[in-house]
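The values are calculated or read from the model by the stated rules, or taken from the named source; none is laboratory data. Predicted model, so just to flag it, every value in this text is computed and none were measured. When we count neighbours, we look across all protein chains shown, and the Cβ atoms used for this are built from the backbone with ideal geometry, even at glycine.
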């Protein structure tokens with residue numbers, strides 16, 4: 001609505017410029033919603049900004065703009081207020097007409113095909129499976145998923161990718177931490193890995209591994225070997241276990257991915 005009123009004002013000014021107003025005027029038309037509905041739905045101070053270059057009273061300028069407004073179904077009336085504000089009162093049908101458009105268009109409302117199927121890959125969240133998701137990951141999930149939805153709504157073919165580290169020093173520290181818990185060690189033990197993870201979730205991973213549980217993550221399916229000496233098996237299980245936890249959080253958040261790409 002605001003943009004439509006700006007356009008109407010600009011058209012009125014252009015019409016006046018083709019008359020006795022200077023052709024080099026470049027007004028910046030601002031329209032804001034009114035706080036008090038008795039003053040209309042929207043208001044503009046454009047007449048006051050034009051007072052100096054036109055050397056006229058803002059109220060006189062406002063009246064000229066109102067008189068020059070093109071015929072339209074949007075504005076029921078426009079009137080001058082105070083030192084030269086122009087208050088716009090909308091037609092009730094114009095204000096609610098969008099509802100019928102939304103209902104008619106259904107899920108396609110607001111969408112277009114400007115991208116014409118251009119392919120875009122968006123990689124986001126990409127949390128390493130060394131612990132639970134935190135607020136920062138949640139922010140990345142919200143922003144990334146919103147970008148994907150906006151791209152799809154403008155005709156892009158979007159691939160959502162989750163890239164994560166399943167190798168290297170951090171994952172090795174994770175595996176050794178879980179192994180220590182499987183062996184009955186705690187973070188206060190002298191044998192605890194120097195850079196090991198100390199969170200209580202490590203206890204849950206170790207118990208599940210030693211129980212021989214099967215983990216079905218979105219991209220991994222692993223069964224615990226229940227062998228506290230098999231570091232490779234512990235590593236695979238721990239990564240799968242924490243990836244599943246991430247999946248559950250993200251799905252609860254309404255976020256899905258097409259591709260899971262491993263550093264390995």
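Within the stretch 90-112, track down each residue that is outside any helix (DSSP H, G or I) and either within 26 Å of residue 43 (Cβ to Cβ) or in contact with a strand residue (DSSP E or B) (Cβ under 8 Å, 6 or more places away or on another chain) (or both).
Taking the stretch 90-112 and keeping what is outside any helix (DSSP H, G or I), we get 90-91, 109-112.
Once the filter is applied, which keeps residues that are outside any helix (DSSP H, G or I) and either within 26 Å of residue 43 (Cβ to Cβ) or in contact with a strand residue (DSSP E or B) (Cβ under 8 Å, 6 or more places away or on another chain) (or both), the stretch 90-112 yields 90, 91.
Select from the stretch 218-243 the residues that are under 15 Å from residue 180 (Cα atoms) and surrounded by 18 or more Cβ atoms within 10 Å (Cβ to Cβ) and list them in ascending order.
228, 233, 234, 235, 237, 238
Sort out which residues of the stretch 16-36 are in contact with a strand residue (DSSP E or B) (Cβ under 9 Å, 6 or more places away or on another chain) and surrounded by fewer than 14 Cβ atoms within 10 Å (Cβ to Cβ), and write them in order of number.
Keep residues of the stretch 16-36 that are in contact with a strand residue (DSSP E or B) (Cβ under 9 Å, 6 or more places away or on another chain), which gives 29-34.
If the condition is that a residue be in contact with a strand residue (DSSP E or B) (Cβ under 9 Å, 6 or more places away or on another chain) and surrounded by fewer than 14 Cβ atoms within 10 Å (Cβ to Cβ), then 30, 32, 33 are the ones that fit.
Can you tell me how many residues within the stretch 142-183 are under 20 Å from residue 250 (Cβ atoms), in contact with a helix residue (DSSP H, G or I) (Cβ under 6 Å, 6 or more places away or on another chain) and either modelled with pLDDT under 95 or assigned to a helix (DSSP H, G or I) (or both)?
2
Give the stretch 209-220 a look and list any residue that's in contact with a helix residue (DSSP H, G or I) (Cβ under 6 Å, 6 or more places away or on another chain) and modelled with pLDDT of 95 or more, or say none. Let's see the steps before the verdict.
Start the filter on the stretch 209-220 by keeping residues that are in contact with a helix residue (DSSP H, G or I) (Cβ under 6 Å, 6 or more places away or on another chain), which leaves 209-210, 215, 217-218, 220.
Matches in the stretch 209-220: 209, 210, 215.
Yes or no: residue 110 outside the structural domain of residue 158 (by TED's automatic domain parsing) and at pLDDT below 95? First the steps, then the outcome.
Values: outside the structural domain of residue 158 (by TED's automatic domain parsing): yes; at pLDDT below 95: yes.
Yes.
Only one of 124, 109 is more than 15 Å from residue 5 (Cβ to Cβ), free of Cβ contacts under 8 Å to residues at least 12 places away in the same chain and surrounded by 11 or more Cβ atoms within 10 Å (Cβ to Cβ); which?
Values: 124 fails: free of Cβ contacts under 8 Å to residues at least 12 places away in the same chain.
109 is the lone residue from the list that is more than 15 Å from residue 5 (Cβ to Cβ), free of Cβ contacts under 8 Å to residues at least 12 places away in the same chain and surrounded by 11 or more Cβ atoms within 10 Å (Cβ to Cβ).
Please state which one of 226, 206 is outside any helix (DSSP H, G or I) and under 22 Å from residue 173 (Cα atoms). Steps first, please.
Numbers: 206 fails: outside any helix (DSSP H, G or I).
Selected residue: 226, the only one of 226, 206 that is outside any helix (DSSP H, G or I) and under 22 Å from residue 173 (Cα atoms).
Given the criteria over 30 Å from residue 150 (Cβ atoms), in contact with a strand residue (DSSP E or B) (Cβ under 7 Å, 6 or more places away or on another chain) and without any contact (Cβ under 8 Å) to a residue 60 or more places away in the chain, does residue 13 qualify? Even if it seems obvious, please write down each step before you answer.
On the way: over 30 Å from residue 150 (Cβ atoms): yes; in contact with a strand residue (DSSP E or B) (Cβ under 7 Å, 6 or more places away or on another chain): no; without any contact (Cβ under 8 Å) to a residue 60 or more places away in the chain: yes.
Spelling it out, it is not the case that residue 13 is over 30 Å from residue 150 (Cβ atoms), in contact with a strand residue (DSSP E or B) (Cβ under 7 Å, 6 or more places away or on another chain) and without any contact (Cβ under 8 Å) to a residue 60 or more places away in the chain.
When the residues of the stretch 247-258 are filtered to those that are outside any loop (DSSP other than H, G, I, E, B) and under 20 Å from the mean Cα position of the chain (by Cα), which remaining residue is surrounded by the fewest Cβ atoms within 10 Å (Cβ to Cβ)? So that I can check it myself, show each step before the final result.
Restricting attention to the stretch 247-258, the residues satisfying the condition of being outside any loop (DSSP other than H, G, I, E, B) are 247-252.
From what is left, the residues that are under 20 Å from the mean Cα position of the chain (by Cα) are 247, 249-252.
Values: 247: 20, 249: 17, 250: 21, 251: 11, 252: 8.
Checking each candidate, the answer is 252.
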